[in-house]
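All remarks here apply to the structure that follows.
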Amino acid sequence: MFFLDQAWLVPLIPAISFVVILLFGKRMPRQGSEVGVVAVGASFLLSCGAVVRWILRVHDAEGGSALGAFGRSIGRIGADHAEVPVLPVLHHVTWFQNGGVRLTAGIQIDGLAVVMMFVVTLISLLVHVYSLEYMRGDRRFTYFYAALSLFTASMLLLVVADNTLQLLVGWELVGVCSFMLIGHWWEEKPNSDAALKAFLTTRTGDIGLLTGVIMTFFIVQRATGVGSFNIVALNQAVSDPSSKVGHTLILWCAAALMLAIVGKSGQFPLHTWLPDAMAGPTPVSALIHAATMVVAGVYLGARVYPVFFHGFSIGDGGVNPMAAIGGITVIVGALLAFVQDDIKKVLAYSTISQLGYMVMALGVGAWTAAVFHLFTHAFFKADLFLGAGSVSHSGSHHSFDMKTDMGGLKKYMPQTYKTFVIGTLALAGIFPLAGFWSKDEILVNAGHNNYKLFLVIGLVGAFMTAAYMTRCVYLTFHGEYRGGHEPHAIPHVDEAEHDPIDTPASVEHDAEVHPPHESNRLLTGPLWVLSFFAVFAGFLNFPHFSRFEKWFQPRYPAGFAEILHPVAFNPILATVSVLIAGAGIGIASAYYLGKLPQGLSERNAIARAGKRFLVNKYYLDYVYENVIVAGIKGPISTGVYWFNQNVIDNVLNYTGRGAQALGRATYEYVDQKGVDGLVNGIATLTGESGGEVRKIQTGRLQFYALVLVAAVVIFAGVLWIST
Amino acid sequence: MIAENVVFGIIAAAMALGAIGVVRTKNVVHAALYLVVVLAGGAAQFILLGQEFVAWVQVLVYIGAVIVLFLFGIMLTRAPMHPKDSLDNDLRWPAAVTSLFLVGILVGLLVHTFHADKVDVQRPVRTADVTSSIFTTYIVPFEVVGVLLLGALIGAVVLARKD
Amino acid sequence: MLLNEFLILAAFLFCTGVYGVLARKHAVLVLMSIELMLAGVNINLVAFGAFHNSDIGQVFALFVLTIAAAEVGIGLAIVLLIYRNLHSADLDDVDSLKG
């Protein structure tokens, strides 16, 4: 079982690659990128091996050959497979020992871990290859590859961790790497601001993780008498109905870990860092959004799921914080995606929304659906991000603005167009692409577990997803090409006139003026690989076939396996969700295709189409008015956007903007109503007392030294006298 | 024994006067020269204690190098060579009081603790012993100090460089 | 010889140094006062070394000497920098920490 027992090599190889690139990268012929690609490639192969070995292990545990198990499982209906326990592969070494507590570092390889290893290494490998072209000539090319390697290594460290402490280490390393990569072009102030914002916001959540991790130690101690950070022991301790662990402790632990998930996975209300993180290079965005940074939160939720399940009482069908936050995030993220002009920001809000789905799925008891959605989402979201990067790289002169620099790129960039559309359809959940199966599974489970509200939220989210992605595709690839100085000129005329926009990514071969063109194979290759997965990954969990569920759902400890209830495919719901998604695409494209001659009648036509009131309002308020009557923004979306930009940011930047807002409020309500005296009095008092205190602050070093020495003398004298 | 005490007394008086000179003189160059007196006196005290090596190092390093450095510093900052206005700031009196209290506490403590302990110098410490100590027991601090000196050298160059 | 003779001399030098550091205006004089304090420390070390009939006092005094030399080097470089920026080595002019 080489691939499972030696899985620690998977994070180790990129980690070594990081050191090698950092030390020797600049002297290498390709500036270190070859080391990164080879290392991640090796990790990818090891991960593939691990996946295969794990599947065989599952079959071995069920008895008989793999083929026999395959035959039997076809006729199976759902629920009997969890009976055979399949032990995870566990190995650990003592990390350090302190006061009788032995802390270990090790690997826990089970279905979840191998799936994540596969996804992370695959996406990372493609991103590495893609960056060869995308980042060519960048001012910190070597550094970029070093950071990418470390990023991958950290995420893999987190994935294979067998204890929560090691998970915390990987988690923090991922945060640091995302900081380095988001701020890759830190010379521009907004970029370094974005990096700081991402880091600080996720740090807010990390407080929760740290607290939660400490609590996991005591949960195990309460249950077994010996404290430990071990994840298996934790899941056992929490799931065991006869254990001595109180519900309150589990609840607090779940709440703390939930905060960590909210911060890391961009859940409402800490999601604001994610769109700003678009300041980083596009391959990094793909990596962050698809495979590493943000899914760490969902992974944590899946890893210690029994804690949430029992802590939040997920099984009983009531509204719980996890499902609620996930549901809110689905809607908030999708709403915001409508008003973005930056293609990457549309995708960023889309990621927020999709992460909301995953968290919501965990919150409604659909573990497998959440992990499956994570799995499929990684492929199509990486596909979309890399597609957006390709557009910006070759089609719009390094701009990401759909309104001013894109449009009509379909005929220039057919490959990018096709892959982008595949990604869009998968994201929208159109049958039979990957997103359909995973999203449908979430919805079926939500319905089955009596979470009707979240079922509705999921359906609404599906509609919005389809609509905003159609808008995005339309603005980018259809219509007239708007790049260059004259938006209305015929493309081939203005191609010759415009200047390339100078952005950090600009490289030599793009420095001269040229028309939009297809990207080369280093860019389109990864796109096609991802498109392949975006189309076919969903079949892994085809109804009644359910390989994903069978192979990767945890079967140990028993308490964990028990709480996972697989639910049969529901054809009616599936049809409804596809119809809804199709309606989203249909409405959005109908609007855009008929937009130019008479905008107003188009609006009426859609109203006549008899779609739901909410849908119409949505569509008109956000898409229509935002595009044509450009000053009248839709109230809800603008409101949410305002809320997002002002209120939430204010809460986050509490000390700064909060104080400012308080000052403004004081001015408007107290001062303006004539209580000048009081206000001025307070101000004067503060000012004068400040002035008095200020006198001590002479700024003279020697005065400070005098005070210091005098204090020492006095203390020494007092000590002497008193002894 | 009496002779030693007399020698000590004379040197100590010279050092005390020199020290007061360093902190009271109105001429910066004089201050440096007073400092020479104090340091030379210190070296003499070391010999009196039978610690010859450190005494000669004190003469070489301090009087030979550090004082020259100070004179350079005085020259480069165009320090006032001629007594005009005071070189003291307005914290003189509080500082004096604090220092007096400090010396009072220290002397009191010393008298209280070591009131009749005698230093009995039979023979001077051999330089060979000192060096073997440095290069065996204290080899790591010695190396660290070497690195520190290098760091200080580079640091001083970087700081003082005109760029 | 009494041990206290040396220790009291050292204490006197140290306190004189403290006074100098606190009360002198010129930066170079402050550095000299610091040297006074270090001289006091050295006498202490050497006196205790002799008191215990050991060479350890010397070894430590040598380390202190070395560090003091480095300190003067850096200190004077800083003073030069201050002088270059403020056109004065008067510490009363260095008050950018003033509140």
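Which of the residues that make up region A:224-244 are touching a His at 6+ places or on another chain (Cβ under 9 Å) and not in a helix (DSSP H, G or I)?
A:230
Suppose the filter is among the small types (Gly, Ala, Ser), open to solvent by less than 30 Å² (accessible area, probe 1.4 Å), out of contact with any Pro (no Cβ under 6 Å at 6 or more places or on another chain) and part of a helix (DSSP H, G or I); does residue B:14 pass it?
Considered against the rule, which asks whether it is among the small types (Gly, Ala, Ser), open to solvent by less than 30 Å² (accessible area, probe 1.4 Å), out of contact with any Pro (no Cβ under 6 Å at 6 or more places or on another chain) and part of a helix (DSSP H, G or I), residue B:14 comes out as no.
Would you check which residues across region B:94-116 are more than 8 Å from every other protein chain (Cβ to nearest Cβ) and at pLDDT 90 or above and list them?
Correct list: B:97, B:104.
Between a first residue in region A:697-723 that is more than 10 Å from chain C (Cβ to nearest Cβ) and aromatic (Phe, Trp, Tyr) and a second residue that is in a helix (DSSP H, G or I) and open to solvent by less than 80 Å² (accessible area, probe 1.4 Å), which pairs have beta carbons less than 9 Å apart while being 6 or more apart in sequence or on different chains?
So the pair list comes out as A:720/B:105; A:720/B:108; A:720/B:109.
Quick one: which residue in A:443, A:459 is at pLDDT 80 or above and surrounded by fewer than 24 Cβ atoms within 10 Å (Cβ to Cβ)?
Every option except A:459 fails the conditions.
Say whether the condition of being assigned to a helix (DSSP H, G or I) and farther than 18 Å from residue A:362 by Cα is met by at least one residue in region A:251-268.
Within region A:251-268, none of the residues are assigned to a helix (DSSP H, G or I) and farther than 18 Å from residue A:362 by Cα.
Within region B:17-30, track down each residue that is open to solvent by less than 30 Å² (accessible area, probe 1.4 Å), out of contact with any Leu (no Cβ under 6 Å at 6 or more places or on another chain) and in a helix (DSSP H, G or I).
If the condition is that a residue be open to solvent by less than 30 Å² (accessible area, probe 1.4 Å), out of contact with any Leu (no Cβ under 6 Å at 6 or more places or on another chain) and in a helix (DSSP H, G or I), then B:18, B:21, B:23, B:28 are the ones that fit.
Among the residues of region C:32-55 satisfying the criterion of being more than 7 Å from every other protein chain (Cβ to nearest Cβ) and assigned to a helix (DSSP H, G or I), which is farthest from residue B:9 (Cα to Cα)?
Here the answer is C:34.
Show me the helices (runs of 4 or more DSSP H) found entirely inside region A:109-211 where at least 1 residues are open to solvent by 20 Å² or more (accessible area, probe 1.4 Å) and among the hydroxyl-bearing types (Ser, Thr, Tyr).
Once the helices (runs of 4 or more DSSP H) in region A:109-211 are filtered for at least 1 residues that are open to solvent by 20 Å² or more (accessible area, probe 1.4 Å) and among the hydroxyl-bearing types (Ser, Thr, Tyr), what remains is A:141-160.
Which condition number does residue C:10 fail, the rest of (1) open to solvent by less than 20 Å² (accessible area, probe 1.4 Å); (2) within 7 Å of another protein chain (Cβ to nearest Cβ); (3) aliphatic (A, V, I, L, M) being met?
For residue C:10, the exception is condition (2).
Would region C:65-72 turn up any residue that is open to solvent by 10 Å² or more (accessible area, probe 1.4 Å), within 14 Å of chain A (Cβ to nearest Cβ) and polar (S, T, N, Q)?
Taking every residue of region C:65-72 in turn, none turns out to be open to solvent by 10 Å² or more (accessible area, probe 1.4 Å), within 14 Å of chain A (Cβ to nearest Cβ) and polar (S, T, N, Q).
Would you confirm whether any residue within region C:40-47 is within 13 Å of the chain's Cα centre (by Cα) and of a type in the set (A, V, I, L, M)?
Yes, because at least one residue in region C:40-47 is within 13 Å of the chain's Cα centre (by Cα) and of a type in the set (A, V, I, L, M).
Give me the residue from region B:117-154 that is in a loop (DSSP other than H, G, I, E, B) and within 7 Å of chain C (Cβ to nearest Cβ) and, out of that set, farthest from residue B:61 (Cα to Cα).
B:117
What residue, of B:123, B:161, is more than 22 Å from the chain's Cα centre (by Cα), within 26 Å of residue C:82 (Cβ to Cβ) and either modelled with pLDDT of 90 or more or open to solvent by 20 Å² or more (accessible area, probe 1.4 Å) (or both)?
B:161
I'm told residue B:50 meets every condition in (1) on the phi < 0 side of the Ramachandran plot; (2) open to solvent by less than 80 Å² (accessible area, probe 1.4 Å); (3) part of a loop (DSSP other than H, G, I, E, B); (4) at the interface with chain C (Cβ under 9 Å from one of its Cβ atoms) except one. Can you identify the failing condition by its number?
(1)
When you look at residue B:41, is it touching a residue at least 24 places away in the same chain (Cβ under 8 Å), open to solvent by less than 20 Å² (accessible area, probe 1.4 Å), under 26 Å from residue C:48 (Cα atoms) and more than 7 Å from chain C (Cβ to nearest Cβ), yes or no?
yes
Which residue is nearest to the chain's Cα centre (by Cα), if the candidates are limited to region A:362-376 and must be open to solvent by less than 10 Å² (accessible area, probe 1.4 Å) and either hydroxyl-bearing (Ser, Thr, Tyr) or over 19 Å from residue A:325 (Cα atoms) (or both)?
Restricting to residues being open to solvent by less than 10 Å² (accessible area, probe 1.4 Å) and either hydroxyl-bearing (Ser, Thr, Tyr) or over 19 Å from residue A:325 (Cα atoms) (or both), the top hit is A:376.
Looking only at residues that are more than 7 Å from chain B (Cβ to nearest Cβ) and open to solvent by 10 Å² or more (accessible area, probe 1.4 Å) in region C:13-25, which one is nearest to residue C:37 (Cα to Cα)?
C:14
So if I check each of C:97, C:91, which one is within 11 Å of chain A (Cβ to nearest Cβ), open to solvent by 30 Å² or more (accessible area, probe 1.4 Å) and free of Cβ contacts under 8 Å to residues at least 24 places away in the same chain?
C:97
Just to be sure before I move on: is residue A:667 open to solvent by 100 Å² or more (accessible area, probe 1.4 Å) and either away from every other protein chain (no Cβ under 14 Å) or at pLDDT 75 or above (or both) in the structure I sent?
So residue A:667 passes the test.
Among the residues in region B:63-75, are any of a type in the set (Val, Ile, Thr), more than 8 Å from chain C (Cβ to nearest Cβ) and within 13 Å of the chain's Cα centre (by Cα)?
Within region B:63-75, one or more residues are of a type in the set (Val, Ile, Thr), more than 8 Å from chain C (Cβ to nearest Cβ) and within 13 Å of the chain's Cα centre (by Cα).
If I filter region B:83-92 for residues that are assigned to a helix (DSSP H, G or I), open to solvent by less than 80 Å² (accessible area, probe 1.4 Å) and of a type outside the set (A, V, I, L, M, F, W, C), do I get at least one hit?
Checked against the condition, which is being assigned to a helix (DSSP H, G or I), open to solvent by less than 80 Å² (accessible area, probe 1.4 Å) and of a type outside the set (A, V, I, L, M, F, W, C), region B:83-92 yields at least one hit.
The values are calculated or read from the model by the stated rules, or taken from the named source; none is laboratory data. This structure is a prediction, so every number in the text was calculated from the model and none was measured. In this analysis, Cβ positions are derived from the backbone assuming ideal geometry, glycine residues included, and neighbour counts consider all displayed protein chains. Surface accessibility is based on the protein's heavy atoms, side chains included, excluding ligands, DNA and RNA. Shrake-Rupley method; radii C 1.70, N 1.55, O 1.52, S 1.80 Å.
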